[in-house]
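To start, the structure under review is shown below, and the notes come after it.
The values are calculated or read from the model by the stated rules, or taken from the named source; none is laboratory data. Computed from a predicted model, the values in this text were never measured in an experiment. Note that each Cβ is placed from the backbone with ideal geometry, even for glycine, and that neighbours are counted across all protein chains shown. For accessibility, only protein heavy atoms count, side chains too; no ligands or nucleic acids. Shrake-Rupley method; radii C 1.70, N 1.55, O 1.52, S 1.80 Å.
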Amino acid sequence: MKTVVVTGGAKGIGADITRAFHAAGYTVVVGSRSADGAEIGFSDRVRFRACDVRRPEELHALADFAVEATGRLDAWVNNAGFSKWCALDDLTEEFVDDMIRTNLHGVIFGCQAAARRMPDGGVIVNVSSLAGRRGSANNTAYCASKFGVTAVTQSLAKELGGRGIRVNAVCPVYVVTAGLTEALQEAVSPSGGDQEPYLAEFARSQSALGRLPTGGEVADAVLFLTDGAHAVTAQSLNVDCGVMPF
């Protein structure tokens, strides 16, 4: 039975990714700061370990836990991250540091922890964002962190390819989660604090399919890149219902 680690795998998109791998027969090791409010159940094939991805030593401990608990590490999904808009004039060093350490450093050192322990032929998938494809107003720190994930994905695909380790990313557009709802309630966000009409109009005017993806559809793409895309590496796959290249 294969083992996958999913950081931030207890809530939001991460919980959907956990469920998808569990349904596919994997043992899933969830690394998250807390299991409080988890959207998944914990069975003998879903294990939890507290992990703050801002701390590389905790990511390495998470990888060791996965190997010790299950005897193997086949795949790793760097999902943990957060979104928050902030105007340039209001940016602080603390805000930028937290964003970069969570969304970018967490991916880099998650990849390091995984690559040291997984066998040749393993798979790493990074959860990026459409904000890693194009910039947007009041979103400098977040976009910088996600553009960085694209660079990490391409670079490590080259570095680890000799071992047969594939490294890819998914780039979702808006997916309605508690985290997105909280971020869009801020007046500085593109919704101006009025989320529902903003998302409805965005879906109508910006996406080819006239809707936004679900967390389950993002999870399907992650699972595809893990199990069904054996010749694909160094790619960042948009999961956006056709928002790009509009």
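Quick one: which of 164, 148 is of a type in the set (Gly, Ala, Ser), open to solvent by 10 Å² or more (accessible area, probe 1.4 Å), touching a helix residue (DSSP H, G or I) at 6+ places or on another chain (Cβ under 7 Å) and at pLDDT 95 or above? Walk me through it before giving the result.
Working: 164 fails: touching a helix residue (DSSP H, G or I) at 6+ places or on another chain (Cβ under 7 Å).
Within the list 164, 148, the selection yields 148.
This table checks each residue for (1) farther than 21 Å from residue 151 by Cβ; (2) at pLDDT below 95; (3) among the β-branched types (Val, Ile, Thr).
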| residue | (1), (2), (3) |
| --- | --- |
| 94 | yes, no, no |
| 98 | no, no, no |
| 102 | no, no, yes |
| 108 | no, no, yes |
| 111 | no, no, no |
| 119 | yes, no, no |
| 125 | no, no, yes |
| 132 | no, no, no |
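All of 81, 9 fail the test of being within 24 Å of residue 213 (Cα to Cα) and open to solvent by 40 Å² or more (accessible area, probe 1.4 Å), apart from 81. Can you find a residue in segment 202-220 that is among the hydroxyl-bearing types (Ser, Thr, Tyr), open to solvent by 50 Å² or more (accessible area, probe 1.4 Å) and within 24 Å of residue 22 (Cα to Cα)? Looking through segment 202-220, at least one residue is among the hydroxyl-bearing types (Ser, Thr, Tyr), open to solvent by 50 Å² or more (accessible area, probe 1.4 Å) and within 24 Å of residue 22 (Cα to Cα). Cβ separations smaller than 7 Å between residues 6+ apart or across chains give the following pairs from segment 92-116 residues that are touching a residue at least 40 places away in the same chain (Cβ under 8 Å) to residues that are open to solvent by less than 60 Å² (accessible area, probe 1.4 Å) and aromatic (Phe, Trp, Tyr): 99/142; 110/76; 114/76.
Condition check ((1) modelled with pLDDT of 95 or more; (2) touching a strand residue (DSSP E or B) at 6+ places or on another chain (Cβ under 9 Å); (3) open to solvent by less than 40 Å² (accessible area, probe 1.4 Å)) across all residues:
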residue	(1), (2), (3)
1	no, yes, no
18	yes, yes, yes
27	yes, yes, yes
41	no, no, no
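Taken over segment 178-234, the residue count meeting the criterion of being assigned to a loop (DSSP other than H, G, I, E, B), in contact with an Asp or Glu (Cβ under 9 Å, 6 or more places away or on another chain) and either of a type in the set (Ser, Thr, Tyr) or within 30 Å of residue 3 (Cβ to Cβ) (or both) is 3.
Checking segment 31-39 against the condition returns no match, with no residue being over 15 Å from the mean Cα position of the chain (by Cα), closer than 14 Å to residue 109 by Cα and crowded, with 19+ Cβ neighbours inside 10 Å. Specify which of the listed residues (142, 174) is under 18 Å from the mean Cα position of the chain (by Cα), closer than 13 Å to residue 84 by Cβ, modelled with pLDDT of 95 or more and crowded, with 20+ Cβ neighbours inside 10 Å. From the options 142, 174, the qualifying one is 142. Would it be correct to say that residue 132 is closer than 19 Å to residue 62 by Cα, touching a residue at least 24 places away in the same chain (Cβ under 8 Å) and buried (at least 20 other Cβ atoms within 10 Å of the Cβ)? In short, no.
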